[in-house]
Structures are given as structure tokens and as C-alpha cells.
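Undergrad: My questions all concern the structure below.
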Amino acid sequence: LWRFGYSARLLKTNDFRTAASNTSFPAVWMLLAQYSGTIPARFVVVKKNSFFTMPETDKANLELYSPHPGVRGMTLLNRAAFKRTVVVPVLKVKKEIVNTLLKSLKHTVLQRPGLKRVVEDTEDEDSRLVILDPHKIPEFSLGEAEQEVLKQLNVCPEVSKYNLELTYENFKSEEILRAVLPEGQEVTSGFSRVGHIAHLNLRDHQLPYRYLIGQVLIDKNPGITCVVNKTNIIDSTYRNFQMEVLAGESNLVTKVKENNIAYELDFSKVYWNPRLSTEHGRIVELLKPGDVLFDVFAGIGPFAIPAAKKKCRVFANDLNPESYSWLLHNCKLNKVDNKIKVFNMDGRDFLLGPVREELSKELPLLKEEQKTSFHIVMNLPALAIEFLDVFRHLLVGEPCSTAGLPTVHCYGFSKHDDPTKDIQERAEASLGTSLAGRCSTYLVRNVAPNKEMLCISFQIPADVLYKRPCP
């Protein structure tokens, strides 16, 4: 600063010190200009395009990935309104060396799905125009490396401008929705896919655009023919929810495949979450052929059916009549209907009835050398922990060997700062005993901000499970 003759008085002013600490480099120079009437010329030349004006190529870059600004606020899809023309850099190349050039300049050529990289030259039928990436060609001039490649191929390095027409088909769903929804608002492009159905959980500010969002997702995702939005929270009794069809067909009976097993279901009447695929596989991996699985809240069978395929004996239950019906259907579909006993009962009644009956019969017969394990899966995160009190003195008699005690895999939600501690303490309160050193907790997934889904696994302590007969 002293080189350019600015006085000590200027350097000490409060506004300059504030600008220097809080403002970008060019803004400080602009402040200097206010005091001196000039800006040092060397900085004007170097910094002009970077800080004070947007180069033409930057505008083209934005336009290349943005539909026509006139679509902002659109609620009913008008595909024609997304059309716009942008200026992009091109090279004129003899058609016989186009492929060689594309390989040699593969990092410079436009790589935009759905857009042609090579177009006809209307003025010369023996030549083609190769479209370059505007991000890689600042101010429509090639770098030294690219010019060297063109020199070896005997191609003129002059970059020309080409009017490229973009239509609705050229934009991605996220780009379309970002252009339509109000600026600064969250854009929804993610969804759960259940067969041919896309399932959304739209926020309030997105609801006015819900039919447009639905149609865009169908247009941009092959195989999606129906888009639905959840309209209320999951019913804790039957684990289904009300939904609105936003676009496409209203057929909500669909087919899905998870861990190489096919299922069929009516998505409007039963619970299915594709995000639980890994968890279903994790639990089934713990089972060995010959083990016994009690699935208390079985749904349509994502734990029960693969366990039966693994030659386990399975008892599967669900309170929802629709889930029970589809569970039976999927057992037959996967040819395990003779390996699974299916029940349509309240979870507590299932534990107090068939589960207690089977454990009372099987556990006394276990010998130390036998390796049969008993597993109880309780996948109803909203309520399952409240069912754990059922295990208090469920059986009467002398405890079996420690190895034969059933292992419970119980799921729950937690909004606690320490979800692992929270889920363990709640399980202990239901069981009436400490699980310290006798349980493991697994984080299944993040359901919402500050809301986790966890699985706590433990062998039921003998003093909890058994009630010794009076002497």
C-alpha cells in the first residue's frame, strides 16, 4: 500500500480496517478507490473478470445446467417452457478424424448425458463440429496442452461459438425442480422405490408443486409408472399410511426383489421399506440351518422367508390382516409355505401363546451339545420395546442351559443425545433387569434429523424368562 502512496491516515481509518478484515480482496481495493479516486492499473487488468464481472462463459455454464428462468413457479408441467438456447465452444474437425479427436480430448469435450458431442456442420458436409465443455474452455480459448494435441492432428485450434438448443429432455430432475421451486427452498429429487412406485415424503412448501414433481420423476426415471406422497404418519397398529397418487397409474400392487427374494404386496395396505434391506440381511446372516425364528411383527416376510430359505423353522405373525394375507401369498410364491407357520394375532398374544408354547416344549429337550438357537425378532420400532415385559416369567420351571436361552432382536426409535444408552435403559425398564455387558446395540439408520432407528440384541436372562415353581 505504501508503494502506491496511500497515506497513514487512510490505513488507520476504521472503515478500511473493517473492510480489510471482513471483505474480499477486490472489495478492499474498491474502498481504496473511494479514497484515492483510482485503482492501481495492474490489479484492474488481472482481477477484472474474476471479481467484478461475470465472464460470458460463466453465464453459459449456468445456462447449460439450468432450464429457462420463465419456469419459476410453474405448478402444472409444461415441457415446452423449459427450452432455451446457450452458446457453447466448438471445434471444426474433418469427419474422418472425429473419433481420434474425441479420445485425445476426452477431458475437454462436453460430457453431458443426453447431449450430442458431435453435430453436423451446415456449411461443410465433410466436417463436423465437436462441442467442448464450457467449464474447460474459459473465454473460448484452448490451453497449451489442447493446442498441442490439435497440432499433432493437423486441426485448426480456433474455437468457434455454437448455439446449442436445450429442451426439457436435456435437464435432470433435480435441475428441473430447482428451476421451478422458489429460490432457496429445498428441492426434492430423492424417493423410495417400491417396484414401479416412487414414494415421496414432501414438505409443506413443496405441496403446491406435488403434481409437477410426480410427473417429472416419472419422466426421468425409467420403470417408475406411479408416484405417491405420504399424507400422514404411519399407523402404529397396522404400519400403513394414507397416500395420494401424484402422477401415473393408480395401481399400487407391486413386485419387489430384496436379497434375491421376490415379494408381492399392495403398497397402500402393508408396510414395506426398501431402506431396511441391509438390516434384513444382517439378521438372517446370524441364523444357522436348524435354528428357530419367531417373527413377532413379520409384515410380508422379509425376515421370515429368507430364514425359511436358509432351512430354519419359522413362526411368523402380523396383526394386519392384509400383511397376513400377503405373507401367506409370498410364502407360496417362494415355495416355503410348508416351512413357516403363519399367524394373524396381536404381538403380545403371539408371544404369550405360540411362542411360549414352542419354547416350553423345545427348551427342556435341549442338550449341551445341541447347537439349535432360538431368535425372536421384534421389528415394530414405535412400540416393540413396550412388549419386552412379556418375557418376565414367560416360562415356568428350571432354566435351560445358558446357550439355549432365546436371543431377542428388538427395534426402537430414539431422539436421545445418546441413543444407544437410551434404547438399553428402556429395554432394561421393560425387562426389569440390567443388560450391562449382556447386550449389543446396532444403529440401523437415521430416520429423521435427531431420530435414529436402532436394534438391541440380547439373550433373555434366565432369571427374567423363568418362574421357578414353588417348593
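Undergrad: Quote the relative contact order of segment 94-232 in percent (integer), defining contacts as alpha-carbon pairs under 8 Å separated by 6+ residues.
TA: 15 percent
Undergrad: Can you give the relative contact order of segment 273-467 as a percent, counting alpha carbon pairs under 8 Å and 6+ residues apart?
TA: Averaging sequence separation for qualifying contacts and normalising by length gives 18 percent for segment 273-467.
Undergrad: Same structure, new question: Counting only DSSP beta bridges with both residues in segment 273-467, tell me the antiparallel percent, nearest 5.
TA: Rounded to the nearest five, the antiparallel share is 45 percent.
Undergrad: Determine the share of segment 275-315's accessible area contributed by carbon and sulfur atoms, expressed in whole percent, with a 1.4 angstrom probe.
TA: On segment 275-315, the fraction of accessible area on carbon and sulfur atoms equals 57 percent.
Undergrad: Take the alpha carbon atoms of segment 84-166, find their radius of gyration, then divide it by 2.2 N^0.38 Å using N residues; give the quotient.
TA: 1.00
Undergrad: Moving on to the next point. At a Förster radius of 22 Å, what calculated FRET efficiency corresponds to the Cβ-Cβ distance of residue 425 and residue 392, to the nearest 0.05?
TA: Efficiency computed from Cβ-Cβ geometry: 0.85.
Undergrad: On to the next question. With the crude spin-label approximation of a point 7 Å out along Cα→Cβ, what separation in nm comes out for residue 145 versus residue 348?
TA: The modelled label-to-label distance comes out at 7.0 nm.
Undergrad: What FRET efficiency comes out for residue 440 versus residue 152 if R0 is 41 angstrom and r is the Cβ-Cβ distance? Round to the nearest 0.05.
TA: Here the calculated transfer efficiency is 0.05.
Undergrad: In addition: List the equivalent ellipsoid semi-axes of segment 226-371 in whole Å, largest first, each obtained as the square root of 5λ for an eigenvalue λ of the Cα gyration tensor.
TA: 31, 17, 12
Undergrad: Which lysines have a Cα lying under 24 Å from the Cα of residue 116, excluding residues fewer than 8 positions away in the same chain?
TA: Hits, sequence-local ones excluded: 59, 83, 92, 94, 95, 103, 106, 136, 161, 172, 220.
Undergrad: Using a 1.4 angstrom probe on heavy atoms only, work out the carbon and sulfur share of the accessible area of segment 173-251 in %.
TA: Percent of accessible area from carbon and sulfur atoms in segment 173-251: 44.
Undergrad: I would also like to ask the following. What's the magnitude of the charge dipole for segment 104-263 around its Cα centre, counting Lys and Arg as +1 and Asp and Glu as -1 at the beta-carbon? Answer in Debye, nearest 20.
TA: Magnitude of the dipole: close to 1040 debye.
Undergrad: Which of the GluC sites (Glu not before Pro) found in segment 381-471 are in a DSSP loop and have at most 14 neighbouring Cβ atoms, other than their own, within 10 Å?
TA: Counting only loop positions with at most 14 other Cβ atoms within 10 Å, none of the GluC sites (Glu not before Pro) in segment 381-471 qualifies.
Undergrad: How large is the convex hull of the C-alpha atoms of segment 173-251 per residue, in Å³?
TA: Normalising the Cα hull of segment 173-251 by residue number yields 89 Å³.
Undergrad: Placing +1 at every Lys and Arg Cβ and -1 at every Asp and Glu Cβ, with all other atoms neutral, what dipole size does segment 261-325 have around its Cα centre, in debye to the nearest 20?
TA: About 300 debye.
Undergrad: Over its Cα atoms, what ratio of radius of gyration to 2.2 N^0.38 Å does segment 317-426 give?
TA: Normalised Rg, Cα atoms only: 1.24.
Undergrad: Continuing with this model, one more query. As a test of the definition: which semi-axes, in Å, follow for segment 323-385 when you take the square root of five times each eigenvalue of its alpha carbon gyration tensor? Largest first, please.
TA: Sorted largest first and rounded, they come to 24, 18, 11 Å.
Undergrad: Evaluate segment 273-467: find the radius of gyration of its Cα atoms, find its Kirkwood radius, and give the ratio Rg to Rh.
TA: Taking Rh as the inverse mean 1/r over Cα pairs, Rg/Rh reads 0.95.
The values are calculated or read from the model by the stated rules, or taken from the named source; none is laboratory data. Because the structure is predicted, anything quoted here is derived from the model rather than measured. Neighbour counts run over all protein chains shown; Cβ positions are idealised from the backbone, glycine included. Side chains are part of the model used for accessible areas, which takes the heavy atoms of the whole protein and leaves out ligands, DNA and RNA. Shrake-Rupley method; radii C 1.70, N 1.55, O 1.52, S 1.80 Å.
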